[in-house]
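Every read-out reported here was derived from the displayed coordinates using simple, explicitly stated rules and does not represent laboratory data. A quick note: this is a predicted structure, and the numbers were derived from the prediction, not measured. Quick reminder, even Gly has a Cβ in these numbers, built from the backbone with ideal geometry, and neighbours come from all protein chains shown.
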Amino acid sequence: MRILGIETSCDDTGAAIYDSHQGLIVHQLASQVDLHQQYGGVVPELAARDHIRVLLPLIDSLVRDPLNDAKKLDAVAYTAGPGLVGALLVGASLGKSLAQSWGVPAIGVHHMEGHLLSPMLEDNPPEFPFLALLVSGGHTLLVDVEAAGHYKILGQSVDDAAGEAFDKTAKLLGLDYPGGPAIAKAAINGDANRFTFPRPMTNRPGLDFSFSGLKTHTLITAQKHQLDEQTIADIALAFELAVVDTLKIKCSRALSQTMRKRLVVAGGVGANQRLRATLQKLADQNNVRLFYPRAEFCTDNGAMIAYAGYFRLTTEGLANRRLATGKPAVNDYAFDVHPRWSLEDI
Ligand code: KG4
Ligand code: ZN
């Protein structure tokens, strides 16, 4: 089976072709960072318009790529949610239209299932069951993956997502958007002894997260000091260390609770080197294997959506358990998107 994947849930236009025998064939990403940078965050209407401008030429170049070898595509997967409704509708309508014209099925994919399965695109992918830490701009989730497609959310953020906290903190420090890479870069020159920030919700039981207080703590610290380059670096480091340590503490707790021996980390914040190194240490100490995708597949991309579509269409027991509203039939013109959608409701 050869499947086209389309990702347009937020500010990246991604497309990829995945083959069940040969693996990932081609993938491309058009980032909208330059478009949104001047606003310090994603402007939904601009995001949707840019997806319209970019998506079809991007898919056209993949389909015509010599690596695709003019092979027939057997299915189309598009991100059906969660995400920005206008942005989702662009991928859904084009994905569904292409599938109709090619006479193949279209399947709406859950964006976070895409992130969760993204390590499957690498050599030595994890087997089920495993624990997954999904840390993106919109979500912070600890998920117990009991078996293929069986998700139990153990903990999640009660306010800001981890990536959102990075983005907002970067903005208040006058750093670039997206904030994660900007904070990580500034933190390299930081002095770890100057500030220590709180590790929210770690001194009480449970696996939920809260990052908005940490953002406020950063704001108050920033207001008390002259924001020269060294102070920005010191605050960035204190913030990064607090987020990473908090995520580590919750992962450690979840591993003890579930007794899982595999840990997957994915989503944009999963590209953070300090997080990866810290979780690797935790995994080594607990005889757990850590899995993550290459950095470019941590952030949004079409490859994970193509894979998730393939997974849904071919995994026994899941093939007929499509979206509540998503109808894969070729002759069905209807499509739907779900801006809010829990992994447990797939
Ligand atoms: O998964 P993703 O591309 O989009 C969503 O599904 O939300 O995640 C984007 C988030 C942004 O908040 C960005 O600041 C964060 O991931 N991010 C990072 C890093 N790279 C991206 N956060 C920390 N360190 C990084 N290196
Ligand atoms: Zn994402």
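What aspartates and glutamates does Lys96 reach when the alpha-carbon gap must be under 18 Å and sequence neighbours fewer than 8 apart in one chain are set aside? Hits, sequence-local ones excluded: Glu7, Asp60, Asp74, Asp332, Asp336. Label positions at Ala334 and Asp34, each projected 7 Å from the Cα along the C-beta direction, are separated by 4.2 nm. A simple packing score, the average count of other Cβ atoms within 10 Å per residue, orders the peptides 15-24, 302-311 as 302-311, 15-24, with the highest score first.
Give the percent of DSSP beta bridges with both residues in the stretch 128-292 that are antiparallel, rounded to the nearest 5. Don't skip to the end; give the middle numbers.
Details: 12 of 20 bridges.
Rounded to the nearest five, the antiparallel share is 60 percent.
Work out, step by step, the length gained on full extension between Asp284 and Leu227: first 0.36 nm times the residue separation, then minus their alpha carbon distance; give nm to one decimal.
Values: separation 57, 0.36 × 57 = 20.52 nm, distance 3.82 nm.
Value of the extension gain: 16.7 nm.
Hydrophobic long helices, here whole DSSP H runs in the chain with Kyte-Doolittle means of at least -1.0 and Cα atoms spread over 27 Å or more along the helix axis, are found at 44-64, 229-258. Rg/Rh, computed from the Cα trace of the stretch 44-153 with Rh as the Kirkwood radius, has the value 1.01. Spin-label model, Asp74 to Ala295: label points 7 Å out along the Cα-to-beta-carbon direction sit 3.5 nm apart. Charged side chains reduced to their Cβ positions (Lys and Arg at +1, Asp and Glu at -1) give the chain a dipole of some 700 debye around its Cα centre.
Using Cα-only point scatterers and the Debye equation, what is log10 of I(q)/I(0) for the chain at each q in 0.06, 0.11, 0.16 Å⁻¹, rounded to two decimals? Log-scaled intensity ratios, in q order: -0.21, -0.71, -1.36. Using the average count of surrounding beta-carbon atoms within 10 Å as a protection proxy, the listed peptides 203-216, 74-87, 252-265, 114-127 rank, highest first, as 74-87, 114-127, 252-265, 203-216. In a reduced charge model with +1 at each Lys and Arg Cβ and -1 at each Asp and Glu Cβ, the stretch 175-301 shows a dipole moment near 740 debye about its Cα centre. Placing pseudo-labels 7 Å out from each Cα toward the beta carbon at Phe128 and His21 gives an inter-label distance of 2.6 nm. Mean residue ellipticity, 222 nm, helices only, the chain: the sum of -39500 (n - 2.57) across DSSP H runs of n ≥ 4, divided by residue count and rounded to 500, is -13000 deg cm²/dmol.
Over the chain, Cα pairs under 8 Å with separation of 6+ residues give a relative contact order of 25 percent.
Which whole-number percentage describes the relative contact order of the stretch 128-292, with Cα contacts under 8 Å and a sequence gap of 6 or more? All intermediate terms of the calculation are to be shown ahead of the outcome.
Working: 303 pairs, mean separation 45.6, N = 165.
This gives 28 percent for the stretch 128-292.
Suppose the chain between Thr196 and Thr314 were pulled fully straight at 0.36 nm per residue; how much longer would it get relative to their current alpha carbon spacing? Present the calculation step by step, with values, prior to reporting the outcome.
Details: separation 118, 0.36 × 118 = 42.48 nm, distance 4.85 nm.
Full extension from Thr196 to Thr314 adds 37.6 nm.
Send over the Kirkwood Rh of the stretch 128-292, from the inverse of the averaged 1/r over different Cα pairs, rounded to one decimal Å. Each step should come with its number before you reach the end.
Details: mean 1/r = 0.0627 Å⁻¹.
Value: 15.9 Å, from the Cα pair sum.
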